[in-house]
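Read through the structure below, which is laid out as structure tokens, and then see the notes.
No lab work stands behind these numbers, since they all come straight from the coordinates. Being a predicted model, the structure only gives us computed values, none of them experimental. Methodologically, a virtual Cβ is constructed for each residue, glycine included, from the backbone with ideal geometry; neighbour enumeration extends over all protein chains shown.
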Amino acid sequence: TKKEEQTFKAKESKTKDNWKTKIAANIGSPDDLEGYHNFGAEGIGLFRSEFLYMEAQNWPTEEEQFNAYKKVLESIKPNLTVIRTLDIGGDKTLKYYQFPKEMNPFLGYRAIRVQLDQKELLVTQIRALLRASYYGNLAINIPMIATIDEFKKVKEIIIDVEKKLLKEGKKIGKYQLGIMVEIPSTVILAEKFAKYVDFFSIGTNDLIQYTFAADRMSKSVSYLYQPFNPAILESIKKVIDSSHKYNKWTAICGEMANEEKLAPLFVGMGLDEFSMSSTSILKIRRVIAKVDKKNAEKLVEKVLNLETSDQVENLLTNYLKNIL
Ligand code: PEP
Ligand code: MG
């Protein structure tokens, strides 16, 4: 109940048997910070930086970005703020920039693909982020990474920018660098990526669309949007296991993170962070508090042996009923 949920506001996110995880908030603009402070979030797991670009009349300057990031970091510290670099393209367009016309924009010029092509856009954003890092606890998250080469290119640019900033006498704090896992190639390469990144953040909204080759905006193929399908759940487990093998951490920041039925399963997989809109945090924290970690690990085995989305959903529905 809503009243019971309120009692979880001041609490940590842990299971009945005291296994700890974390629930962070997704935000789309600094205006969402109010929600952050009202619902007991343990950090920001996804700050979509698109708003800065979509509301503006022209590419936002380094100074404009720096001020926005600094404000968020100061407000959230000492907790971690994960800021995602620009994820534009697909369905998100800009008033002041003409994207190339493409048959399949979701498979085209989007996110880091744009910023690796127009490097000055990446450099400006990274300069703002690194300068802001001094004022809080920052993690930089790169969207739509598909290959190891892309990640290495981004990392090289970041290291170059850092050197330049230090030469200019700018102050820079410590920061982490991770990637969105939302393209199947990145799941397949997860163990190799895990050596290089500090963390993974699984973008299940896109991971589902790219795994089933079904546009997330299309009504006619919406039956293929299957978060409970073992194909997705096995992918998530592989990413978590790969990160832990190299002492890195994994978050889920797509919509799957706020599905109550899935929370026990993710606990069983050892998910380090759930990230969701602030209003869902207490609901999920309450479910986690009723889960027994050892038992949830057995649930993972059972679920991954099933074949269809419906079979999984039925099993998880019953599991949730039994623990609540
Ligand atoms: C996702 O793909 O799950 C995600 C969190 O990113 P976005 O919804 O912004 O693409
Ligand atoms: Mg995405």
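Data overview
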quantity: Hits in segment 207-265 (condition: more than 16 Å from ligand 2 (Cβ to nearest atom), under 20 Å from Ser185 (Cβ atoms) and of a type in the set (Ser, Thr, Tyr)); calculated: Ser242, Ser243, Tyr246
quantity: Matching helices (runs of 4 or more DSSP H) fully within segment 13-107 where at least 3 residues are more than 30 Å from Lys290 (Cα to Cα) and away from ligand 1 (no atom under 16 Å from the Cβ); calculated: 62-76
quantity: Residues (within 20 Å of the chain's Cα centre (by Cα), closer than 13 Å to Ala132 by Cβ and in contact (Cβ under 8 Å) with a residue 40 or more places away in the chain) located in segment 45-64; calculated: Ser49
quantity: Pairs, first over 10 Å from Leu177 (Cβ atoms) in segment 138-154, second within 12 Å of ligand 1 (Cβ to nearest atom) and small (Gly, Ala, Ser), C-beta under 6 Å, six or more apart; calculated: Pro143/Ala111; Met144/Ala111
quantity: Gly169, sole failed condition from (1) at positive phi; (2) surrounded by fewer than 22 Cβ atoms within 10 Å (Cβ to Cβ); (3) in contact with a helix residue (DSSP H, G or I) (Cβ under 9 Å, 6 or more places away or on another chain); calculated: (3)
